[in-house]
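*Asks:* The structure is given below, and queries will be raised subsequently.
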Amino acid sequence: MSQLNQVLLHESNRVGADLEAWFAAAGGQGLAKALAAPEAIIPLIREAGLRGLGGSGFPTYKKWGFVAAQSNSKEKYLICNGNEDEPGTFKDRILLQQAPHQVIEGATITALACGINHIIFYINPDQQKSIEAMREAVSQWQASEQIAAIEKVLGKTIEYRVLPSSGHYIGGEETAAIESVEGKFPFPRGKPPFPAESGVHGCPTLINNMETLSNVPHILRNGAEWFQGLGLGASTGTKIYCLTGDVLYPGAYELPMGTPLSTLINDYGGGMLLDKKLKAVFTGGPSNTLLTPKDLDVPLDYESVRERQSSLGTGAMIVISEGTGIVKRVSEYVSFFAHSSCGQCPPCKTGTHYAALLLSKIDTGQGSRADLDALENLCTILPGAGRCHMLDGALKVMESSLYHFRHEYEQALVL
């Protein structure tokens, strides 16, 4: 267990949702440093090497810098994104339920760094425990003496709000989240303009994942060198990996960024169920490419996984064993995407629906060679045709499964 893990999860169980207990357990020290020198926050985040942990891996300091540089608006927004709705991803709900004050402190420090005065905790409505925990925690912050000091440095009144998201998978996309916050259906917006320039009600808006924000108080408290030292190799910090599927001990494991896949599966997941052989791992949830047994040595960081033509994404690792049909599993995931399409982009709405039909036909032994050819053609003509990345995610997992397990598709065809 890493030092950060002990702070984020172990200690948070002890302090629960009580703000005074959080401060007594060293919470608030990061905020105190931020209040003393708000201009030093972004340079410190840059030195630490914190990246977006909701899937993109984009350097956090750059994203913050874009919003901080916007001086033409008194109103600025931070959307703390906890909409997670993708199969295999459940890290944010753990942080929200076990350490709500950590998230709020991270969001407040972010607001000080960027001049933000509206903080919105945007949470999946199916996670009622998370919503309740955050509402209780926010009420404690609003009644605390910290608010006066925060507003004095910020130079304006700060607003905290807990907002259930739309409940749609697509609602987690950053521009769709903006639409949802404005009370609209979460249709993703075209870019530009980017949220940093024109987001909620046309104001500069920053969208960060809950896990990203949870790291911020500890970086402020312990320094950049400490955070860098938590990672392995060239990686910095830690990552919460959501391990599910055919392993003995599924769960959420916060480990050094760069931990090998084999270590996650065998040392923490307890190895494969029933001593079966590993067949594949869906990385970053089902909207990414597959890793196979030859990739067990890969360090789980953004660059290393990318070199294997895959993506770390949210850190979700769905492990499947020999005996599990790849076509069936991909069919289930693409059906999820087809059901989740918002319908705004015809290529996404019709493409995911058609792909799901083709996969179902092939999986149930009714598919022909023409169906397989049509499926491959979709992987060629549709990438980039949607406003958001949902269509590309569905295509990516199809294309990867065809590359690694084409023989299973071939075997399922009607001759």
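*Asks:* I'd like to know which of 311, 231, 23 lies farthest towards the positive end of the charge dipole of the chain, counting +1 on Cβ of Lys and Arg and -1 on Cβ of Asp and Glu.
*Replies:* Result: 311.
*Asks:* Now for a separate question. Taking 0.36 nm per intervening residue step and subtracting the Cα-Cα distance, what contour gain separates residue 380 from residue 276 on full extension?
*Replies:* Taking 0.36 nm per residue and subtracting the Cα distance, the gain is 34.0 nm.
*Asks:* Here's another thing I want to ask about it. Charges only on Cβ, +1 for Lys and Arg, -1 for Asp and Glu: so what's the dipole of the stretch 167-320 about the Cα centre, in debye to the nearest 20? Walk me through the intermediate numbers first.
*Replies:* Details: 11 positive and 16 negative charges, 54 e Å.
Computed charge dipole of the stretch 167-320: roughly 260 debye.
*Asks:* Something else: Roughly how many nanometres apart are two label points built 7 Å out from the Cα toward the Cβ at residue 148 and residue 40?
*Replies:* So the label points at residue 148 and residue 40 sit 2.5 nm apart.
*Asks:* Go through 97, 40, 139 and say which Cα lies farthest out towards the positive end of the charge dipole of the stretch 3-229; charges sit on Cβ, +1 for Lys and Arg, -1 for Asp and Glu.
*Replies:* Selected residue: 40.
*Asks:* Relative to the longest principal axis of the chain, what angle (0 to 90°, nearest 10) does the C-alpha long axis of helix 210-222 take?
*Replies:* 40
*Asks:* Just to confirm my numbers, what's the Cα centroid distance between the stretch 172-197 and the stretch 248-326 in Å?
*Replies:* Taking the Cα centre of the stretch 248-326 as reference, the centre of the stretch 172-197 is 32 Å away.
*Asks:* If each residue of separation counts as 0.36 nm, what is the full-extension length gain between residue 126 and residue 248 once their alpha-carbon separation is subtracted? It would help to have the intermediate numbers written out before the result.
*Replies:* Values: separation 122, 0.36 × 122 = 43.92 nm, distance 2.69 nm.
Once the chain is fully extended between residue 126 and residue 248, it gains 41.2 nm.
*Asks:* Of the DSSP beta bridges with both residues in the stretch 3-229, give the percent that are antiparallel, rounding to the nearest 5.
*Replies:* Working: 1 of 18 bridges.
Here the antiparallel bridges make up roughly 5 percent for the stretch 3-229.
*Asks:* Follow-up question, since we're still on this one. Need one number: % antiparallel among DSSP beta bridges in the chain, to the nearest 5.
*Replies:* 45
*Asks:* Still on this structure, please answer the following. Tell me what the chain gives for mean residue ellipticity at 222 nm when only DSSP H runs of n ≥ 4 count, each as -39,500 (n - 2.57), the sum divided by the residue total, rounded to 500 deg cm²/dmol. Write out the running numbers ahead of the final one.
*Replies:* Values: 17 runs with 186 residues, N = 415.
Roughly -13500 deg cm²/dmol at 222 nm, from the helical runs in the chain.
*Asks:* Which entry is the computed volume of the Cα convex hull per residue in Å³ for this structure: (i) 127; (ii) 135; (iii) 167?
*Replies:* The value computed from this structure is option (i).
*Asks:* Going by how many other beta carbons lie within 10 Å of each one, how would you line up 85, 126, 301, fewest first?
*Replies:* Going from sparsest to densest Cβ surroundings: 126, 85, 301.
*Asks:* What is the stretch 124-191 by shape, rounded, prolate or oblate, if you read a ≥ b ≥ c off the alpha carbon gyration tensor as root eigenvalues and call it rounded for a/c under 1.5, prolate for a/b larger than b/c, and oblate otherwise?
*Replies:* The shape class here is oblate.
*Asks:* For 345, 203, 114, 80, which order do you get if you count the other beta carbons within 10 Å of each Cβ and list the fewest first?
*Replies:* Fewest-to-most ranking of 345, 203, 114, 80: 345, 203, 114, 80.
*Asks:* Calculate the spin-label point distance for residue 369 paired with residue 267, positioning each point 7 Å from the Cα along the beta-carbon direction, and give it in nanometres.
*Replies:* A separation of 5.0 nm, rounded to one decimal place.
*Asks:* Fewest to most neighbouring Cβ within 10 Å: what's the order for 324, 380?
*Replies:* Values: 324 14, 380 9.
Final ranking by Cβ density, sparse to dense: 380, 324.
*Asks:* Counting Lys and Arg as +1 and Asp and Glu as -1, each charge on the Cβ, what is the dipole of the stretch 232-318 about the Cα centre in debye, to the nearest 20? Could the numbers behind the result be given before it?
*Replies:* Working: 7 positive and 9 negative charges, 47 e Å.
Taking the Cα centre of the stretch 232-318 as origin, the dipole is about 220 debye.
*Asks:* Right, another one. So which aspartates and glutamates pass the test for residue 294, namely a Cα distance under 15 Å, with those fewer than 8 places away in the same chain ruled out?
*Replies:* Filter leaves 307, 322.
*Asks:* Amide H to amide H under 5 Å from residue 163: which residues, 5+ apart in sequence or cross-chain, H placed 1.01 Å off N in plane?
*Replies:* 121, 122, 123
*Asks:* Ordered by residue, what ³J(HN,Hα) values in Hz, to whole numbers, does the stretch 100-109 give under the Karplus form 6.51 cos²θ - 1.76 cosθ + 1.60, where θ = phi - 60° and Gly and Pro are x?
*Replies:* These are the phi-based 3J(HN,Hα) values: x, 5, 5, 5, 5, 5, x, 5, 5, 4 Hz.
*Asks:* About its Cα centre, what dipole magnitude does the chain give when the only charges are +1 on Lys and Arg Cβ and -1 on Asp and Glu Cβ, stated in debye to the nearest 20?
*Replies:* Values: 34 positive and 43 negative charges, 108 e Å.
Roughly 520 debye for the chain.
*Asks:* How high is the FRET efficiency from residue 294 to residue 66, r the C-beta distance, R0 41 Å, rounded to 0.05? Walk me through the numbers on the way to the answer.
*Replies:* Numbers: r = 39 Å, r/R0 = 0.96.
It comes to 0.55.
*Asks:* Considering only 204, 49, 219, whose Cα is most displaced toward the positive end of the charge dipole of the chain, charges sitting on Cβ of Lys, Arg (+1) and Asp, Glu (-1)?
*Replies:* After comparing all options, I get 204.
*Asks:* Any of 62/191; 63/129; 33/152; 328/361; 91/396 with alpha carbons more than 20 Å apart? Name them for me. Could you put the intermediate results ahead of the total?
*Replies:* Values: 62/191 18 Å; 63/129 30 Å; 33/152 15 Å; 328/361 10 Å; 91/396 23 Å.
Cα-Cα > 20 Å for 63/129; 91/396; rest within.
Only the coordinates and a few stated rules stand behind these numbers; no lab work does. Quick caveat, the model's predicted, so the values are computed rather than measured. Cβ coordinates were reconstructed from backbone atoms using ideal geometry, including for glycine residues, and neighbour counts include every protein chain displayed.
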